[in-house]
Each structure stands twice: as C-alpha cells, then as structure tokens.
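J.: Let me begin by handing over the structure; questions about it come next.
The values are calculated or read from the model by the stated rules, or taken from the named source; none is laboratory data. Since this is a predicted model, take the numbers as computed values, not measurements. Quick reminder, even Gly has a Cβ in these numbers, built from the backbone with ideal geometry, and neighbours come from all protein chains shown. Keep in mind that these areas ignore ligands, DNA and RNA; they rest on the heavy atoms of the full protein, side chains included. Shrake-Rupley method; radii C 1.70, N 1.55, O 1.52, S 1.80 Å.
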Amino acid sequence: MTDTVPARILVVDDEERLCQSLDTLLTKAGYQIDTALNGKDALAQTRSQRYDLVISDIKLPEMNGIELLQQLRKDDPEAMVVLMTAYASLDTAMAAINMGAYDYMMKPIEFAHLKFTVKRALEKRELELSRRRLLDQLRETNKKLTRRVAEVDALYQAGLSLSQSPDLNSLLTKIIELALDVIGATVGSVMLLDKEQGELTIAAAVGMSEKVRRATRVRGDGSIAGHVAGTGEPLLIKDIKSDPEFAKFSRGGYGSDTLLCAPLKIKERVLGVINLSDPKHGTEFSDNDLRLLVTFASQAAIAINDGKNFEKAKEKLRELTALYRIASELANIDNSRDMTGLIYHSLAEIIDFDFTVWLAWSERSEILTFNFWEGKGQKEATELIGRAVSLKDKTIYSSALRTEMIKETIESLDFFRDEIGSLTTVPIITKGALHGVFCLGSKKEEAFTNNDEYIASIVASQATSIYERQQAILNATRLMAMGKMISEISHDLKRPLTNIRGSLQIMRQRWPEITQSDDSFSMAEDELLRLNELVVELVDFSNPKKYQLEQKRIPALVKRVHKLVSSDLEKKGIEYQQIFEDSLPTVMVNENEIVELLLNLILNAIDVMPDGGSLTIAATREVDSITQKPHVKLQVKDSGPGIVPELKHKVFDRYYTTKETGTGLGLAICERIAMAHNGRIDFESAPGEGTTFLIWLPSI
C-alpha cells in the first residue's frame with residue numbers, strides 16, 4: 001500500500017448483494033476490492049493474492065469466519081481481519097479479538113463506521129510494515145557495519161604492528177615514536193592535512209613543546225611540510241642553511257640543519273606528512289634514511305587511513321545503535337516527557353552537548369512554545385516552559401534567525417546569560433508539515449558539526465512521527481471507548497429525565513396556584529429542558545447516525561432554518577439577509593444533519609450579538625481549491641466581535657467553549673457533519689470585524 005497503489009481489500013460474505021454493496025462503496029473510497037462468497041474460496045484467494053485487509057462475515061458456508069481468521073493469522077501473523085456478524089454475542093466478540101481480529105462489527109454495517117475502521121486498520125498495518133522494514137534495515141546496516149569493522153580490525157591487526165594502538169591519537173603517537181626509533185632521530189612530528197581548510201596541523205610530536213605543536217598551522221608552500229604535501233614527493237635536506245630552495249625556512253624552529261620529510265600517501269592521496277630532524281648519530285640524514293622513512297610512511301599511511309575509517313565506522317555504528325535504540329524503545333513509551341528523556345540520553349552517547357530543548361510550532365499563530373528541557377539548567381529553565389517565541393513573516397524557516405530568537409529568549413534568564421557558546425536548531429518535520437523545533441545547546445564554541453545537526457534532525461523528526469502515530473492509534477481506541485461509554489450513560493439518563501419531566505407536569509396540573517406563583521418551579525422545568533438537550537447532544541456526538549443522503553437544494557434548507565430562528569432574530573434586533581446564486585446545483589445531503597449544522601452556526605451568531613447586528617447567509621457555486629471538484633459554498637457571516645488570533649486554533653476542538661453554559665460540542669459537531677458529507681468547514685475572523693463560517697458541500 002503506497003501513495004500510488006491503493007490498498008487491496010477482500011470482502012467475504014455469503015450475501016452476494018452485501019458483497020456488491022461493499023465493493024461499490026469501498027471502490028469509491030479509493031480501494032481495490034475483491035469478493036468471495038465462502039470461507040474456502042476466500043482462503044484460496046489470500047494464498048494467491050496479497051491483501052492489506054480482509055473483511056469477513058462470521059457465519060459462512062464451508063468455513064466460518066472464525067476458522068478463516070485462524071487460517072489467515074497462521075499464514076500471516078500480521079494479517080488484518082475485521083469480522084462482521086448479525087448475531088452478536090460477547091463470547092464471539094471476545095473469541096474474535098483473542099484470535100487476532102482487528103475489529104468486530106455489527107450488521108447492518110454503517111458505512112461511515114466501516115470506512116473509519118478500514119482506514120484505521122490500514123494505517124495500523126502500514127505502521128507495522130514500516131516498523132518492520134525499518135528494523136530490518138537497521139539490522140542489515142548493523143550487520144554490514146559490524147562486518148566492515150571486523151574486516152578493518154582483522155586487517156589492522158594482521159597487516160601491521162602499528163595496528164596494536166587502541167585509537168587514532170595513540171596510533172599517531174606510536175607512528176612518530178617508531179619513526180624516530182627506526183631512522184634514529186630525536187625530534188619528529190606527524191602532520192595531518194585538513195582538506196576543507198587546506199592546512200596542515202601537528203597531530204602528534206616528540207621533542208617539541210606543546211605550545212609550538214598547538215600553534216603550528218601551515219598552508220601550501222608556506223613551509224617544507226606544505227611543499228611535500230603539495231607535491232606528494234619526499235624530501236631530504238642535509239643542510240637547510242645552504243639549501244638554495246629551502247634556506248628561507250632555516251629559522252622555522254627545526255631541531256637541526258638536517259631533516260627528513262615524507263608524505264603519508266595512499267594512491268596519490270596525501271593524508272599528511274612525517275617530519276624528522278636532529279639525527280641521533282650527530283651527522284646528517286642520508287639517502288638510505290630517506291628510503292627507510294618513505295617505506296615506513298607508506299605503512300603508516302595505511303594504518304592512519306584504516307584508523308580513520310575505523311573511527312568513522314565506530315561513530316556510524318554508535319549513531320545507528322542510538323537510532324535503533326530509540327526506534328525500539330519508543331514502542332514502550334506513552335508520554336512526551338519519557339520520549340524527550342529517551343532522545344536526550346540516546347543522543348548524549350554520540351554527540352557532545354549540555355542540554356536539549358523542544359518547542360512546539362503553531363502555524364496559525366506563528367508561535368513557538370517551549371515544551372521540554374532536558375540536561376544542564378533544567379531546574380532553572382522551568383521559567384521558560386510555556387513561554388512563546390513569535391516568529392512572524394516565515395522567520396521559522398530561516399535557521400539563523402530562528403536560532404538567534406530562541407537563543408535570545410533563553411539568555412533572557414540570568415542563569416543562561418553568557419552560558420551558551422553554541423546553539424543549533426533543527427526543524428521537526430512529520431508528514432510533510434512542520435511540527436516544532438529541536439535544539440542542542442553547549443557551552444563550547446562551535447560545538448556542533450553538520451553531521452551532528454543532521455543526526456539530531458533525523459532523530460527528532462522520526463521519533464516524533466513514530467510517537468505521534470502510536471499515540472494517534474491509542475487515542476482513537478480511547479475515544480471509541482469513551483464515546484461508547486458516553487452514549488450508554490446518556491441513554492440511561494433519558495428515562496429519569498423523562499420521569500422527572502412527567503412528574504413536574506402532573507404537579508402543574510394538580511397545584512396550578514403554587515406552580516404559577518413559584519419561580520423555582522419554572523426554573524426547574526427550564527433546567528430540565530437544558531439537561532435533556534445536553535443529553536441529546538452528547539448522544540449525537542458520541543454515536544453518529546448513518547447518513548441517509550437525499551438530493552436537496554440549499555436555499556430550501558436555509559429557509560427551513562430561518563423559520564426556526566426568525567423569532568430569535570427579531571427579539572435580538574438582528575438584521576437578516578440571504579443571498580443565493582441563480583441556478584445553484586443540488587447537493588446530496590442528510591437534511592436533518594445540514595439543518596443542525598446551520599442551526600448551530602446561526603445560534604452561535606445570535607449569542608455573540610446580544611445587542612443586535614447583522615447576519616447574512618449566502619450560497620454560491622465554486623470549485624474547491626483543495627479537491628478541485630465542484631461544490632456549493634455556504635457562508636454564514638455575522639457582525640459580532642470576531643475571534644482573537646490566539647483562540648482560532650481551538651474553535652473546532654471538542655469540549656472547548658467560551659460560553660458559561662456551553663458544552664463545547666456545537667462546532668465540533670458542525671465539523672463532523674461537513675466531513676461526513678465529504679465536505680469541509682473553515683472560518684475567517686478578526687477582532688471587531690465579525691466572523692464568517694465557510695462550508696463546502698460537493699454538488700451534483
């Protein structure tokens with residue numbers, strides 16, 4: 001299953017009409033569908049064709065759904081199977097789930113529920129396959145790296161005695177010590193070439209002060225060593241003061257007037273040079289000394305090259321081990337704090353830093369918010385958690401500006417002032433969108449390399465992506481359970497509410513003189529009505545109905561809604577206007593659901609205009625900019641106070657409300673209704689300029 005190849009689904013049911021219906025509906029949803037009328041045929045098809053999902057009835061001829069499930073899971077332990085039945089029981093449901101069924105659905109099938117279940121099942125399968133591929137790739141890469149390290153180590157140990165050194169620094173020291181011993185000199189150095197800088201620096205030395213060693217950096221023909229590195233040819237100078245070409249370097253701090261210099265070269269590639277001076281025998285170096293040094297330098301070059309490769313391989317192995325550890329342990333993490341801690345400790349094994357910072361990005365408000373701090377200064381950084389950094393005009397996409405603003409915010413705390421020598425910030429990209437920013441900080445100057453930033457970026461983005469997928473699956477499961485629980489509780493509340501309401505009506509009939517004179521009675525009836533409406537709203541939200549779509553005209557639906565709210569509009573003194581484009585196309589909708597959507601929007605508009613205002617409903621035909629398909633576009637525009645920018649991203653969140661008695665479900669229901677009709681809803685608003693809600697519904 002990829003972006004270009006749709007998922008393949010097998011539908012198994014002995015009712016041919018049901019198979020055909022599901023085939024049609026799921027094909028329209030973008031899937032490849034095959035069908036089978038009995039369990040044996042279905043099993044045969046799965047063994048000749050790979051399926052991403054099998055949807056099967058439990059009661060089947062020849063082989064029932066449970067037996068089919070057992071065979072499918074035996075053939076492929078990761079097989080995704082959803083079972084259907086018209087004869088539900090707790091035992092069969094538990095048996096199905098225990099045997100590995102992904103889900104269990106009741107007939108008649110609600111397509112919206114089926115579509116949602118199919119999507120989640122396919123997402124889970126894709127996640128499992130991706131995780132399996134990633135682990136296989138990591139294992140294979142680890143094998144290759146381990147094999148390469150073993151080969152290098154074997155060659156290193158068997159080929160040269162120099163390979164006994166435990167690390168590159170020790171190896172370089174051993175090289176110069178052996179060279180001095182072999183040639184018979186007292187002063188020497190190994191200089192390595194930095195290709196990017198074009199400079200030679202002393203990596204190891206004997207008979208030379210540490211101050212001189214650290215300060216020596218030479219380029220090209222700026223020295224004898226630079227000349228040898230540039231030409232790739234060895235050099236013997238018996239008397240530097242009388243040498244016509246190199247006499248100008250006689251004051252270069254050499255231990256004597258005679259010296260040797262040989263390139264560390266592999267196949268014309270110069271790694272550096274070996275310098276020797278001050279021969280032990282007290283005379284000058286000979287041609288034989290030069291030949292010995294060249295032979296030794298060729299062996300040393302191999303050892304140095306192998307040592308560098310070995311260091312790089314170990315570094316890569318450490319990086320991949322850290323990545324593998326993160327990928328493996330993320331599956332056992334259920335909160336963001338543990339995730340950031342895992343990233344911190346894993347990266348600390350391969351990168352030298354003092355602290356990490358995680359910031360969340362809000363695209364709508366263009367604000368970064370400090371979420372987590374790990375490492376040095378964590379206690380002091382508690383003042384930063386929740387603080388916002390405004391990055392207007394796309395500053396977020398400029399690495400330099402983004403880093404500068406985050407650093408300034410951190411250093412606004414006295415503890416961190418002059419404590420941050422290096423700060424690198426990398427974007428966290430998940431599903432092609434910017435999720436936030438991950439920072440590495442150090443007290444050292446220029447502490448991070450390009451590779452460090454690359455590793456940090458991969459780790460942060462991949463870890464966040466995997467974590468979010470796991471949490472999305474977990475949250476979806478929790479929401480389903482919560483929705484079912486709310487639906488059951490709400491349903492149970494209907495009966496006592498009905499009994500109370502009936503009792504109040506009886507009391508009003510028996511004692512009218514009391515009920516009419518006592519405000520408490522009327523208030524009780526009003527509150528009872530509000531409770532009943534709340535229960536209905538909760539039931540509708542937690543257990544959406546299967547939509548029965550009909551061909552309707554938008555103007556007729558709007559006029560029906562206007563009749564319901566006309567008295568409220570007049571009471572509040574709100575000027576109402578409706579504008580419809582001529583010859584609007586019809587739409588396939590569930591009339592009651594669209595009426596509910598419009599009622600929610602209009603009643604919200606009335607609530608925000610208690611002292612009057614204007615309300616306009618308009619409908620036009622339009623090609624949706626996102627789907628590029630013909631739609632009817634509805635606009636509900638009020639002249640209310642508008643929505644402040646910092647609250648815009650919460651408008652459609654369930655349970656979020658600014659009303660004292662609101663449930664926070666009204667706009668969430670509107671969004672759900674629009675999406676269930678293959679449409680969408682959005683809004684435009686500014687403080688003091690009112691709000692316009694925009695609804696796109698596919699037209700016929």
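J.: If you check Asp568 against the conditions, is it over 20 Å from Val651 (Cα atoms) and open to solvent by 50 Å² or more (accessible area, probe 1.4 Å)?
T.: yes
J.: Just give me the residues in region 638-688 being at pLDDT below 85, open to solvent by 50 Å² or more (accessible area, probe 1.4 Å) and more than 29 Å from the chain's Cα centre (by Cα), in sequence order.
T.: The answer is Thr658, Lys659, Glu660, Thr661.
J.: Follow-up. Taking Asp287, is it acidic (Asp, Glu), at pLDDT 75 or above and surrounded by fewer than 19 Cβ atoms within 10 Å (Cβ to Cβ)?
T.: yes
J.: If I go through region 354-381 residue by residue, how many of them are out of contact with any strand residue (DSSP E or B) (no Cβ under 8 Å at 6 or more places or on another chain) and under 15 Å from Phe415 (Cα atoms)?
T.: Going through region 354-381 one residue at a time, the tally reaches 2.
J.: Does Ser625 meet the test of being modelled with pLDDT under 90 and open to solvent by less than 60 Å² (accessible area, probe 1.4 Å)?
T.: The answer is no for Ser625.
J.: Quick one: what pairs do we get from region 599-614, first residue under 15 Å from Gly688 (Cα atoms), second open to solvent by less than 30 Å² (accessible area, probe 1.4 Å) and in a strand (DSSP E or B), C-beta under 6 Å, 6+ apart or different chains?
T.: Close Cβ pairs satisfying both conditions: Ala605/Leu615; Ala605/Asp638; Met609/Ile574; Gly612/Ile574; Gly613/Ile574.
J.: Which one is surrounded by the fewest Cβ atoms within 10 Å (Cβ to Cβ) among residues in region 320-347 that are over 25 Å from Ser390 (Cα atoms) and either touching a strand residue (DSSP E or B) at 6+ places or on another chain (Cβ under 8 Å) or of a type in the set (D, E, K, R) (or both)?
T.: Asp334
J.: How do the pairs read when you match residues in region 679-697 that are in a strand (DSSP E or B) with residues anywhere that are of a type in the set (Lys, Arg), using Cβ under 6 Å and keeping only pairs 6 or more apart or on different chains?
T.: Hits for this filter: Thr692/Lys637; Trp696/Lys633; Trp696/Arg680.
J.: How about region 179-200: which of its residues are within 16 Å of Leu271 (Cα to Cα), open to solvent by less than 50 Å² (accessible area, probe 1.4 Å) and either at pLDDT 85 or above or assigned to a loop (DSSP other than H, G, I, E, B) (or both)?
T.: Ser189, Val190, Met191, Leu192, Gly198, Leu200
J.: For region 403-432, give me each residue that is under 12 Å from Ser461 (Cα atoms) and in contact (Cβ under 8 Å) with a residue 12 or more places away in the chain.
T.: Hits for region 403-432 are Val426, Pro427, Ile428, Ile429, Thr430, Lys431.
J.: Quick one: which of Thr24, Thr46 is farther than 19 Å from Leu114 by Cα and either without any contact (Cβ under 8 Å) to a residue 24 or more places away in the chain or open to solvent by less than 40 Å² (accessible area, probe 1.4 Å) (or both)?
T.: The unique qualifying residue is Thr46.
J.: Still on this model: Of the residues in region 363-401, how many are assigned to a strand (DSSP E or B) and either without any contact (Cβ under 8 Å) to a residue 24 or more places away in the chain or open to solvent by less than 30 Å² (accessible area, probe 1.4 Å) (or both)?
T.: Qualifying residue count for the region: 8.
J.: Collect the residues in region 558-585 that are under 30 Å from Pro630 (Cβ atoms) and either in contact with a His (Cβ under 6 Å, 6 or more places away or on another chain) or among the basic types (Lys, Arg) (or both), keeping them in residue-number order.
T.: If the condition is that a residue be under 30 Å from Pro630 (Cβ atoms) and either in contact with a His (Cβ under 6 Å, 6 or more places away or on another chain) or among the basic types (Lys, Arg) (or both), then Lys559, Arg560, Lys563 are the ones that fit.
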